[in-house]
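Comments concern the structure below.
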Amino acid sequence: AEAIAVVDRLLTGDELERERALMELRARFGSWAVPALVHPLGDRADVEHRVLAIQALVRLGGQAVLPLVQVLKSDDLLTRRNAAAVLGTLRDRRAAAALAWMAKGDSDQGARDTAADALEKIDVPTNDPLQLSAALADGYFRGDAELTQSYGTASVVWEWKDGALSGRAVLAGLSALE
């Protein structure tokens with residue numbers, strides 16, 4: 001609920017208030033800000049809200065990647081496409097397999113194209129979703145530092161379920177097992 005209030009300030013405030021809201025989302029909420037940004041990300045009624053949500057997600061950087069991977073499962077086409085575009089901007093290889101699956105199998109050609117474009121921006125050796133999924137799983141289980149965090153820090157396991165993004169806090173070293 002607190003992140004939603006900050007996102008509301010982002011969407012309705014003046015330029016200074018928006019900048020403060022962006023900084024607060026990153027500093028106080030990190031990946032937990034993403035669920036509050038999902039609705040504006042696909043807001044067909046307000047282009048400015050979409051742009052501000054995209055800016056906030058890009059500002060969150062790597063903290064937004066894993067929740068956005070789950071947002072790719074949204075039933076809403078605009079939300080999926082914008083999530084894929086943000087993931088391409090972030091160029092984080094943790095998103096590569098999900099983008100490859102979307103590029104191969106999304107029901108909408110535009111969404112497939114957006115995912116393929118995003119995948120091209122990520123430095124991976126293939127666009128085959130099976131190979132990328134296997135490499136990602138292998139990296140998690142080997143403890144690849146680009147993919148995992150130390151055991152002593154908190155992490156979040158994200159899930160798209162019943163049309164909404166939800167997270168569950170776990171010890172970072174155990175998140176690969178979730």
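The values are calculated or read from the model by the stated rules, or taken from the named source; none is laboratory data. Since the model is a prediction, treat every value here as computed from it, not as a measurement. Heads up, the Cβs are rebuilt from the backbone with ideal geometry, glycines too, and the neighbour counts pull from every protein chain shown. Side chains included, ligands, DNA and RNA excluded: accessible areas come from the protein's heavy atoms. Shrake-Rupley method; radii C 1.70, N 1.55, O 1.52, S 1.80 Å.
Using the charge dipole of the chain (Lys, Arg: +1 at Cβ; Asp, Glu: -1 at Cβ; taken about the Cα centre), state which of Val156, Leu60, Ala5 has its Cα farthest towards the positive end.
Positive-most Cα among the choices belongs to Val156.
So how strong a dipole does segment 1-138 carry about its Cα centre when Lys and Arg Cβ are +1 and Asp and Glu Cβ are -1, to the nearest 20 debye? Before the final figure, lay out the partial values.
Details: 17 positive and 21 negative charges, 57 e Å.
It comes to approximately 280 debye.
Suppose all protein chains stay in the model; what accessible area per residue would a 1.4 Å probe give for the chain, in Å²?
In whole numbers, the chain has 53 Å² accessible per residue.
Sort largest first and round to whole Å: the equivalent ellipsoid semi-axes of segment 66-147, each the square root of five times a Cα gyration tensor eigenvalue.
Working: eigenvalues 86, 30, 25 Å².
Ellipsoid half-lengths, sorted descending, are 21, 12, 11 Å.
How long is the gain from Val58 to Lys104 if the chain were fully straight, where each residue apart is worth 0.36 nm and the alpha carbon distance is subtracted?
Working: separation 46, 0.36 × 46 = 16.56 nm, distance 2.45 nm.
Extra length available between Val58 and Lys104 comes to 14.1 nm.
Report the relative contact order of the chain, percent, no decimals, based on alpha-carbon pairs under 8 angstrom and at least 6 residues apart. It would help to have the intermediate numbers written out before the result.
Numbers: 260 pairs, mean separation 28.3, N = 178.
Worked out over the chain, it gives 16 percent.
So what is the 222 nm mean residue ellipticity for the chain from helices alone, if each DSSP H run of at least 4 adds -39500 (n - 2.57) and you divide by all residues, rounding to the nearest 500 deg cm²/dmol?
Working: 9 runs with 101 residues, N = 178.
That comes out to -17500 deg cm²/dmol.
So how compact is the chain: Cα radius of gyration and Dmax in angstrom?
That works out to 15.8, 46 Å for Rg and Dmax.
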